[in-house]
Amino acid sequence: MLRIDEVPNSEGFPDRCDVAVIGGGIIGVSTAYELARRGVSVVLLEKGIIGAEQSGRNWGWVRQQNRDLYELPLAMQSLKRWGELSDELGEDIGFRRSGILYASEQSADVAQWEAWLGKARALGFDSQLLSARELAARVPHSRAKWAGGVWSHSDGRAEPSRAAPAIARGAQRLGARVHQTCAVRGLDSSAGRISGVWTERGRIGASSVVLAGGAWSALFCRHHGIDLPAVNVIGTALRTAEAPAVIDGCFSGPNFAMRRRLDGGYTIAVPGYGRMEIAPQNLRHAVKFRQMFRSKLNKKLKFRIAQPFFGGPEGSADWRHDDISPFEVTRVLNPAPDAEWPTRALQNVATVFPELSGLRIAHAWAGAIDTMPDLVPVMSRVESNPGLVIASGFSGHGFGLGPGAGMLVSRIVTDDATGIETQPYRLTRFSDGTRLAKPEMM
């Protein structure tokens with residue numbers, strides 16, 4: 001199990017609040033924090049431990065560069081919040097604006113970055129396209145035949161083990177109630193709208209509910225007849241022991257990505273590669289994912305039959321609110337890492353940075369990434385369930401987007417001006433005939 005900073009449970013147990021937030025990952029805690037900042041009575045409910053699933057298992061990148069253009073305004077808003085949070089919270093969440101560098105040996109990649117940058121500048125974001133010589137000067141320890149790169153000086157990194165717990169504690173100090181090992185079994189409704197949630201400890205009345213359950217959100221939605229077409233992709237990463245400092249921030253190279261950690265090691269992964277476990281939910285949504293399966297992303301996925309086939313976040317959605325739910329059966333989703341990727345990642349790193357040959361793996365792990373057909377998240381009211389807002393499907397981008405998403409979702413809940421366009425994030429794009437863009441995010 002990964003090491004995650006602790007969050008104390010709030011004392012007592014409430015019978016009512018304005019907003020109940022389901023899920024203690026980076027999206028849920030950020031939403032609860034922003035609501036509490038505005039004086040809203042909020043209860044944050046987590047079936048396991050705050051930040052213990054994908055929010056504590058990601059790479060720790062906090063980026064604007066190479067975002068889907070729909071996501072870029074949200075990423076820019078989120079970077080601003082990342083820069084403010086440590087001072088607001090009074091504790092170090094590990095955020096450092098140390099820049100992100102992408103490098104490639106393929107001229108086609110450089111051309112793609114240049115085309116993206118031209119569009120991004122129109123939205124107010126700028127970064128620096130690098131020639132092969134300029135790139136080599138930035139990474140003098142590297143040994144590669146670079147075609148070029150792109151440098152985003154305003155992007156950064158943070159520590160996943162610290163961030164979500166610190167934001168949750170900040171929400172508590174502002175009056176939010178936080179309850180871990182407290183699964184939400186279902187929604188309660190009256191007079192045609194949401195009136196609360198049923199938890200394993202009893203009912204909590206609430207006029208609004210935010211579902212930020214990550215890998216478990218689609219299962220919860222299916223239980224209530226809501227179609228959230230997400231599938232979970234299992235990604236593997238590793239951290240090394242302390243190692244020479246060949247980079248200071250984040251670096252994306254040929255078939256590897258790495259982040260310098262505060263402990264002097266690196267978090268390393270092979271970008272885009274993972275596995276999809278075949279189960280009822282994934283089969284049900286297969287048609288909506290045909291564009292992704294036809295794209296280059298499909299070549300990076302392995303498929304296997306889920307074990308158990310009818311269990312976990314892709315399993316059966318049939319349970320009673322007065323009985324044990326799947327969320328209590330699995331408090332913390334802890335998938336097994338794919339054995340081949342850590343070894344391959346270190347080999348890829350050593351090819352570019354010979355100084356890092358012989359790195360020792362301190363720990364390898366895997367996480368379940370809730371993934372949408374177009375790789376764009378859902379942050380949306382649910383028309384069939386007034387009072388319910390879904391904030392899920394972040395497709396591996398939730399950590400960096402978390403603080404900005406929390407601000408956006410809090411404004412959706414309270415019917416305030418969002419400041420950015422929310423149409424790309426609506427749930428109905430999957431059912432209203434909208435032609436989804438082919439996922440080409442880098």
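The values are calculated or read from the model by the stated rules, or taken from the named source; none is laboratory data. In this text the structure is predicted, and so the values were computed from the model without any measurement. Note that we place each Cβ from the backbone using ideal geometry, even for glycine, and neighbour counts take in every protein chain shown. Accessible surface areas use protein heavy atoms only, side chains included; no ligands, DNA or RNA. Shrake-Rupley method; radii C 1.70, N 1.55, O 1.52, S 1.80 Å.
Taking the criterion of being of a type in the set (D, E, K, R), touching a Leu at 6+ places or on another chain (Cβ under 8 Å), closer than 30 Å to VAL197 by Cβ and at pLDDT 95 or above, would at least one residue in the range 83-103 satisfy it? So far as the range 83-103 goes, no, none of its residues is of a type in the set (D, E, K, R), touching a Leu at 6+ places or on another chain (Cβ under 8 Å), closer than 30 Å to VAL197 by Cβ and at pLDDT 95 or above.
Suppose the filter is open to solvent by less than 20 Å² (accessible area, probe 1.4 Å) and closer than 19 Å to VAL184 by Cβ; does LEU388 pass it? Against the criterion (open to solvent by less than 20 Å² (accessible area, probe 1.4 Å) and closer than 19 Å to VAL184 by Cβ), LEU388 qualifies.
Within the range 348-372, being touching a Phe, Trp or Tyr at 6+ places or on another chain (Cβ under 9 Å) and modelled with pLDDT under 95 holds for LEU359, THR371, MET372.
Put simply, of ALA168, ALA158, ALA147 the only residue that is among the aliphatic types (A, V, I, L, M), open to solvent by 30 Å² or more (accessible area, probe 1.4 Å) and in contact with a strand residue (DSSP E or B) (Cβ under 7 Å, 6 or more places away or on another chain) is ALA147. The single residue among LEU101, LEU123 that is on the phi < 0 side of the Ramachandran plot and surrounded by fewer than 23 Cβ atoms within 10 Å (Cβ to Cβ) turns out to be LEU123.
One residue stands out in the range 258-314 among those that are at pLDDT below 70, in a loop (DSSP other than H, G, I, E, B) and among the hydrophobic types (A, V, I, L, M, F, W, C): the one that is least open to solvent (accessible area, probe 1.4 Å), namely PHE309.
Rundown of residues vs (1) touching a Leu at 6+ places or on another chain (Cβ under 6 Å); (2) among the acidic types (Asp, Glu); (3) assigned to a strand (DSSP E or B), yes/no style:
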| site | (1), (2), (3) |
| --- | --- |
| VAL332 | no, no, no |
| THR343 | no, no, no |
| ASN348 | no, no, no |
| ALA364 | yes, no, yes |
| ASP374 | yes, yes, no |
| PHE399 | no, no, no |
| ILE412 | no, no, no |
| ASP415 | no, yes, no |
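Annotation note: of GLU46, GLU84, GLU71, the sole residue that is in contact with a strand residue (DSSP E or B) (Cβ under 8 Å, 6 or more places away or on another chain) and under 18 Å from PHE399 (Cβ atoms) is GLU46.
Restricting to the range 27-86, name every residue that is among the acidic types (Asp, Glu) and either open to solvent by less than 10 Å² (accessible area, probe 1.4 Å) or within 24 Å of PRO424 (Cα to Cα) (or both). Within the range 27-86, GLU34, ASP68, GLU71 qualify. The C-beta contact set for the range 318-331 (first residue open to solvent by less than 80 Å² (accessible area, probe 1.4 Å), second residue hydroxyl-bearing (Ser, Thr, Tyr), distance under 9 angstrom, 6+ apart or interchain) comprises TRP319/SER325; PRO326/SER316; GLU328/THR181; ARG331/THR181. Can you pull out the residues in the range 19-39 that are β-branched (Val, Ile, Thr) and under 12 Å from GLN172 (Cα atoms)? Hit for the range 19-39 is VAL29, nothing else. The numbered conditions (1) under 20 Å from THR267 (Cβ atoms); (2) modelled with pLDDT of 95 or more are all true for GLY39 except (1). Between LEU228, LEU238, LEU219, the distinction of being assigned to a helix (DSSP H, G or I), open to solvent by less than 20 Å² (accessible area, probe 1.4 Å) and modelled with pLDDT of 95 or more belongs to LEU219 only. Among residues of the range 137-157 that are in contact (Cβ under 8 Å) with a residue 12 or more places away in the chain, those with a Cβ under 9 angstrom from a residue that is among the charged types (D, E, K, R) and open to solvent by less than 20 Å² (accessible area, probe 1.4 Å), sequence gap 6+ or separate chain, pair up as ARG157/ARG259.
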